[in-house]
Amino acid sequence: MSVVTYIGMGSNLGDSVQILREAAHKLAELGPIQVSRLYRSPPMGPQDQPHYYNAVVQLVTTLQPLDLLDQLQRFEQEAGRVRLRRWGERTLDLDVLLYADQSIENERLNVPHIGLLERDFVVLPLLDIESNLKVRDQWLRDLKWSQASTLTVIDDKHWVEK
Ligand code: ROI
(Lines give C-alpha, C1' and ligand atoms only; values in the text may rest on other atoms or scores of the structure.)
Protein backbone atom coordinates (compact mmCIF):
# COMPACT_ATOMS: atom_id res chain seq x y z
CA MET A 1 0.00 0.00 0.00
CA SER A 2 1.27 3.47 -0.86
CA VAL A 3 1.63 6.24 1.68
CA VAL A 4 2.30 9.96 1.35
CA THR A 5 5.62 11.02 2.89
CA TYR A 6 7.48 14.31 3.07
CA ILE A 7 11.26 14.50 2.90
CA GLY A 8 13.23 17.58 3.99
CA MET A 9 16.36 18.39 2.01
CA GLY A 10 19.21 20.69 3.01
CA SER A 11 22.74 21.43 1.83
CA ASN A 12 25.34 24.10 2.53
CA LEU A 13 28.53 22.51 1.21
CA GLY A 14 29.51 22.02 -2.42
CA ASP A 15 27.26 22.84 -5.37
CA SER A 16 24.15 22.73 -3.19
CA VAL A 17 21.55 23.37 -5.88
CA GLN A 18 22.90 20.58 -8.06
CA ILE A 19 23.20 18.26 -5.06
CA LEU A 20 19.54 18.86 -4.12
CA ARG A 21 18.48 18.40 -7.74
CA GLU A 22 20.21 15.04 -7.96
CA ALA A 23 18.68 14.00 -4.63
CA ALA A 24 15.21 14.82 -5.99
CA HIS A 25 15.89 12.68 -9.06
CA LYS A 26 16.89 9.77 -6.85
CA LEU A 27 13.77 10.19 -4.72
CA ALA A 28 11.71 10.05 -7.91
CA GLU A 29 13.00 6.49 -8.42
CA LEU A 30 11.20 5.48 -5.21
CA GLY A 31 7.78 6.72 -6.33
CA PRO A 32 5.94 9.76 -7.67
CA ILE A 33 7.20 13.07 -6.27
CA GLN A 34 6.15 16.69 -5.98
CA VAL A 35 8.68 19.35 -5.08
CA SER A 36 8.46 22.64 -3.22
CA ARG A 37 10.08 25.85 -4.34
CA LEU A 38 13.79 26.18 -3.67
CA TYR A 39 14.88 28.35 -0.73
CA ARG A 40 17.99 29.83 0.79
CA SER A 41 18.00 30.16 4.56
CA PRO A 42 20.35 31.43 7.25
CA PRO A 43 21.90 28.63 9.29
CA MET A 44 20.16 27.40 12.38
CA GLY A 45 23.04 26.53 14.70
CA PRO A 46 26.55 28.00 14.52
CA GLN A 47 26.44 31.22 12.49
CA ASP A 48 29.94 30.86 11.03
CA GLN A 49 28.77 28.53 8.27
CA PRO A 50 27.31 29.18 4.81
CA HIS A 51 23.60 29.72 4.22
CA TYR A 52 21.63 26.59 3.44
CA TYR A 53 19.65 25.63 0.39
CA ASN A 54 16.42 23.95 1.47
CA ALA A 55 13.46 22.27 -0.18
CA VAL A 56 10.87 19.59 0.57
CA VAL A 57 9.78 16.67 -1.59
CA GLN A 58 6.48 14.85 -1.25
CA LEU A 59 7.06 11.17 -2.07
CA VAL A 60 4.33 8.58 -2.48
CA THR A 61 5.92 5.24 -1.73
CA THR A 62 5.33 1.65 -0.71
CA LEU A 63 8.54 1.61 1.37
CA GLN A 64 8.23 1.03 5.10
CA PRO A 65 9.69 3.85 7.24
CA LEU A 66 13.03 2.20 8.02
CA ASP A 67 13.45 1.04 4.42
CA LEU A 68 12.83 4.61 3.31
CA LEU A 69 15.41 5.81 5.84
CA ASP A 70 17.94 3.29 4.44
CA GLN A 71 17.42 4.72 0.96
CA LEU A 72 17.80 8.33 2.19
CA GLN A 73 21.03 7.44 3.96
CA ARG A 74 22.31 5.74 0.82
CA PHE A 75 21.57 8.90 -1.20
CA GLU A 76 23.40 11.00 1.40
CA GLN A 77 26.44 8.76 1.12
CA GLU A 78 26.31 8.81 -2.69
CA ALA A 79 26.35 12.62 -2.58
CA GLY A 80 29.67 12.29 -0.76
CA ARG A 81 28.10 13.46 2.43
CA VAL A 82 30.44 15.38 4.63
CA ARG A 83 29.29 16.58 8.03
CA LEU A 84 31.90 18.65 9.78
CA ARG A 85 30.36 19.14 13.23
CA ARG A 86 27.11 18.83 15.14
CA TRP A 87 24.67 21.49 13.92
CA GLY A 88 27.28 22.37 11.35
CA GLU A 89 27.71 22.38 7.62
CA ARG A 90 26.81 19.35 5.52
CA THR A 91 26.79 18.28 1.88
CA LEU A 92 23.35 16.71 1.97
CA ASP A 93 20.77 16.13 4.66
CA LEU A 94 17.63 14.11 3.90
CA ASP A 95 15.08 13.82 6.72
CA VAL A 96 11.78 11.98 6.95
CA LEU A 97 9.50 14.82 8.06
CA LEU A 98 6.13 13.06 7.84
CA TYR A 99 5.10 9.49 7.06
CA ALA A 100 1.35 9.40 6.40
CA ASP A 101 -0.20 10.45 9.72
CA GLN A 102 1.96 8.08 11.73
CA SER A 103 3.96 8.80 14.88
CA ILE A 104 7.18 6.82 14.83
CA GLU A 105 9.65 6.74 17.69
CA ASN A 106 12.61 4.44 17.68
CA GLU A 107 16.36 4.74 17.92
CA ARG A 108 16.78 5.44 14.21
CA LEU A 109 13.75 7.53 13.42
CA ASN A 110 11.47 10.14 14.97
CA VAL A 111 8.45 11.15 12.90
CA PRO A 112 7.04 13.80 12.76
CA HIS A 113 10.57 15.16 12.67
CA ILE A 114 11.62 16.75 15.96
CA GLY A 115 11.74 20.51 15.59
CA LEU A 116 9.54 20.54 12.49
CA LEU A 117 7.20 23.16 13.94
CA GLU A 118 10.09 25.49 14.84
CA ARG A 119 11.86 25.39 11.47
CA ASP A 120 10.71 27.82 8.80
CA PHE A 121 12.99 26.14 6.26
CA VAL A 122 10.84 23.01 6.65
CA VAL A 123 7.37 24.44 7.19
CA LEU A 124 7.28 26.92 4.30
CA PRO A 125 8.34 24.39 1.66
CA LEU A 126 5.83 21.90 3.10
CA LEU A 127 3.09 24.49 2.65
CA ASP A 128 4.11 24.99 -1.00
CA ILE A 129 3.09 21.39 -1.64
CA GLU A 130 0.15 20.92 0.75
CA SER A 131 -1.56 23.80 2.53
CA ASN A 132 -3.67 21.51 4.76
CA LEU A 133 -1.17 19.85 7.02
CA LYS A 134 -1.66 19.30 10.72
CA VAL A 135 1.31 18.26 12.85
CA ARG A 136 0.91 17.54 16.57
CA ASP A 137 -2.56 19.15 16.51
CA GLN A 138 -1.18 22.31 14.89
CA TRP A 139 -2.17 23.54 11.42
CA LEU A 140 1.06 24.53 9.73
CA ARG A 141 -0.55 27.43 7.89
CA ASP A 142 -1.57 28.94 11.25
CA LEU A 143 1.96 29.12 12.65
CA LYS A 144 2.51 32.78 13.37
CA TRP A 145 5.62 33.16 11.23
CA SER A 146 4.41 31.03 8.32
CA GLN A 147 3.78 34.22 6.35
CA ALA A 148 6.93 36.12 7.32
CA SER A 149 10.19 34.28 7.70
CA THR A 150 13.92 34.47 7.14
CA LEU A 151 13.76 32.44 3.91
CA THR A 152 14.52 33.70 0.42
CA VAL A 153 12.80 32.01 -2.52
CA ILE A 154 15.53 31.11 -5.01
CA ASP A 155 13.44 29.37 -7.63
CA ASP A 156 9.93 28.20 -8.48
CA LYS A 157 8.61 24.62 -8.35
CA HIS A 158 10.33 23.72 -11.61
CA TRP A 159 13.89 24.03 -10.34
CA VAL A 160 14.42 20.25 -10.37
CA GLU A 161 13.84 20.01 -14.13
CA LYS A 162 16.15 22.90 -15.07
N1 ROI B 1 19.80 25.42 9.07
C2 ROI B 1 19.16 25.68 7.93
N3 ROI B 1 18.86 26.95 7.62
N4 ROI B 1 18.80 24.69 7.07
C5 ROI B 1 19.07 23.39 7.33
O6 ROI B 1 18.72 22.50 6.52
C7 ROI B 1 19.74 23.07 8.52
N8 ROI B 1 20.02 21.78 8.85
C9 ROI B 1 20.61 21.47 10.00
C10 ROI B 1 20.97 22.51 11.02
C11 ROI B 1 22.44 22.36 11.37
C12 ROI B 1 20.11 22.28 12.24
N13 ROI B 1 20.74 23.85 10.54
C14 ROI B 1 20.09 24.13 9.39
O15 ROI B 1 20.84 20.20 10.27
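Data table
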quantity	calculated
Heavy-atom accessible area ranking, 1.4 Å probe, most first, across TRP159, TRP87, TRP145, TRP139	TRP87, TRP139, TRP145, TRP159
Positive-pole candidate from VAL111, VAL82, LEU92, dipole of the range 72-121, charges at beta carbon	VAL82
Linear extension gain, GLU107 paired with GLN138, 0.36 nm per residue minus alpha-carbon span	8.7 nm
Under-5 Å amide H pairs with ARG90, H placed in peptide plane, nonlocal only	ASN12, LEU13
Cα centroid separation, the range 103-142 to the range 36-52 (Å)	18 Å
Backbone N within the range 7-32 under 19 Å of label point (7 Å from GLU161 Cα along the Cβ vector)	18, 20-32
Shape category assigned to the range 1-47 from the gyration tensor of Cα positions, a/c cut at 1.5	prolate
Computed magnitude of the charge dipole of the range 3-153 (debye, nearest 20; Cβ of K, R +1, Cβ of D, E -1)	300 debye
Those lysines that a straight Cα-Cα span of less than 27 Å connects to LYS162, excepting residues fewer than 8 apart in one chain	LYS26
Accessible area (Å², 1.4 Å probe, nearest 10) - GLU29	150 Å²
Distance between modelled label sites at SER149 and ASP15, nm, 7 Å Cα→Cβ extension	2.7 nm
Neighbourhood charge, 14 Å Cβ-Cβ cut-off, centred on VAL123 and excluding it, Lys, Arg +1 and Asp, Glu -1	0
Stretch gain in nm, segment ALA100-ARG74, where the contour uses 0.36 nm per residue and the Cα spacing is subtracted	7.2 nm
Per residue, in Å², the accessible surface of the chain once ligands and nucleic acids are set aside, probe 1.4 Å	52 Å²
Fraction of accessible area attributable to carbon and sulfur, the range 3-153 (%, probe 1.4 Å)	47 percent
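The values are calculated or read from the model by the stated rules, or taken from the named source; none is laboratory data. Here the structure is a predicted model, which is why all the values come from computation and not from measurement. For neighbour counting, all protein chains shown are included, and Cβ atoms are generated from backbone atoms with ideal geometry for every residue, glycine included. Side chains included, ligands, DNA and RNA excluded: accessible areas come from the protein's heavy atoms. Shrake-Rupley method; radii C 1.70, N 1.55, O 1.52, S 1.80 Å.
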